[in-house]
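Heads up, the thing below is written out as structure tokens.
The values are calculated or read from the model by the stated rules, or taken from the named source; none is laboratory data. Quick caveat, the model's predicted, so the values are computed rather than measured. Positions of Cβ are generated from backbone atoms using ideal geometry, with glycine treated the same way; all protein chains shown enter the neighbour counts.
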Amino acid sequence: MTLPTRHTITAIAAAALASLALTGTANAATSLTFAHAHPVTDSQHLAAERFAQRLAERSDGELKIKIYPNGQLGNDQAMISGVRSGTIDLELSGNPYFSGLVSELNVLDLPFLFDTRKQAYQVLDGDIGQDLLSSMAPQQIEGLAFWEIGFRNLTNSRHAVETADDISGLTLRTTPNPAHIAAFQALGANPTPMPFSELYTALETRTVDGQENPVSLIRSANLYAIQNYLSLTAHAYTAAPLIMNKQKFDSLAPPLQTLIKEEAQEAARYQRQLNHDNEQGDLAFLEEQGMQVVRDPDTASMRAKVAKPVRAEFTEKHGSELLNRIDDALAL
């Protein structure tokens with residue numbers, strides 16, 4: 001019997017190591033970063049945890065997600081830039097922060113566009129929503145699903161808001177979305193766009209008088225500690241696109257891509273349901289903390305001042321086709 005030479009043994013060992021390396025690579029977990037700006041008690045974070053858990057389970061550990069909440073990786077615009085550049089894999093922000101990249105998304109933030117959650121979900125989960133998510137692709141973004149911020153309500157530290165006239169003169173933090181800014185200008189307020197991560201300090205120092213967000217976020221961000229008045233204006237609905245770096249998404253095997261999109265949609269339904277289920281409890285909590293809540297403000301007076309002018313401004317810039325599609329979908 002001919003014994004193998006030292007050269008042969010070395011070659012065999014190298015081949016074995018290479019084989020092991022290839023096998024390990026094939027089975028190695030893909031670690032993804034997920035960033036958002038909200039507190040860990042908010043429905044967004046709870047849904048993000050569920051999303052991560054279900055992906056790990058359904059992929060047999062091949063997809064692992066590490067969540068960075070509360071603006072740990074920057075404010076909304078910085079995180080979105082991180083996704084585009086590939087330094088962040090997944091990110092969740094309110095729709096207004098995307099309208100500078102894809103201006104058509106601004107349609108979703110028009111005041112009084114939706115009257116109910118059902119109407120909003122009908123649009124977001126249908127062909128219109130899918131087309132809007134797909135429109136992010138040229139920005140190196142893979143749109144996965146629409147989660148939500150929810151219906152926005154007005155808080156401030158100066159006085160109760162019962163009619164449109166009560167909004168005049170207030171300095172209000174808004175998103176950078178043109179529709180939000182135009183709406184509050186039409187109401188006589190002084191809209192001041194700023195990142196959500198800067199909001200608490202701005203309210204505490206009275207740099208701004210108030211802000212507008214859903215009751216779930218008013219509670220989870222402790223805004224009740226520095227705001228005295230809440231009016232349930234529901235003047236605009238805000239979606240929250242869950243996005244992923246497109247190059248990273250495209251690099252995954254098709255079954256994993258499908259899995260991510262399926263779980264993104266499932267988590268969207270879960271997060272929306274959390275908001276719905278907790279709404280009355282959140283309102284009761286805010287009242288217990290001393291907030292004066294106007295439950296039935298005169299929204300008709302607000303709608304009269306903002307709905308048509310802001311819609312006309314959008315149509316002038318983008319045409320009427322998209323709004324007509326939404327109108328048709330809501331008429332079904």
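The table below lists the values:
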{"read-out": "Cβ-Cβ under 7 Å pairs, at least 6 apart or on other chains, the range 71-94 side within 16 Å of Pro176 (Cα to Cα), far side part of a helix (DSSP H, G or I) and hydroxyl-bearing (Ser, Thr, Tyr)", "value": "Asn75/Ser197; Asp76/Tyr97; Gln77/Tyr97; Ile80/Tyr97"}
{"read-out": "The range 161-183 residues that are within 14 Å of Gln211 (Cβ to Cβ), paired with ones that are in a strand (DSSP E or B) and modelled with pLDDT under 90 (beta carbon under 7 Å, 6 or more apart)", "value": "none"}
{"read-out": "Residue check, Ile149 buried (at least 24 other Cβ atoms within 10 Å of the Cβ) and under 22 Å from Asn278 (Cβ atoms)", "value": "yes"}
{"read-out": "Hits in the range 60-76 (condition: closer than 21 Å to Thr175 by Cβ and out of contact with any strand residue (DSSP E or B) (no Cβ under 9 Å at 6 or more places or on another chain))", "value": "Asn75"}
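Yes/no matrix, rows are residues, columns are (1) surrounded by fewer than 18 Cβ atoms within 10 Å (Cβ to Cβ); (2) at pLDDT below 95; (3) not small (Gly, Ala, Ser):
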{"position": "Asn27", "(1), (2), (3)": "yes, yes, yes"}
{"position": "Ala35", "(1), (2), (3)": "no, no, no"}
{"position": "Pro39", "(1), (2), (3)": "yes, yes, yes"}
{"position": "Arg50", "(1), (2), (3)": "yes, no, yes"}
{"position": "Gly61", "(1), (2), (3)": "yes, no, no"}
{"position": "Lys64", "(1), (2), (3)": "yes, no, yes"}
{"position": "Leu73", "(1), (2), (3)": "no, no, yes"}
{"position": "Gln77", "(1), (2), (3)": "yes, yes, yes"}
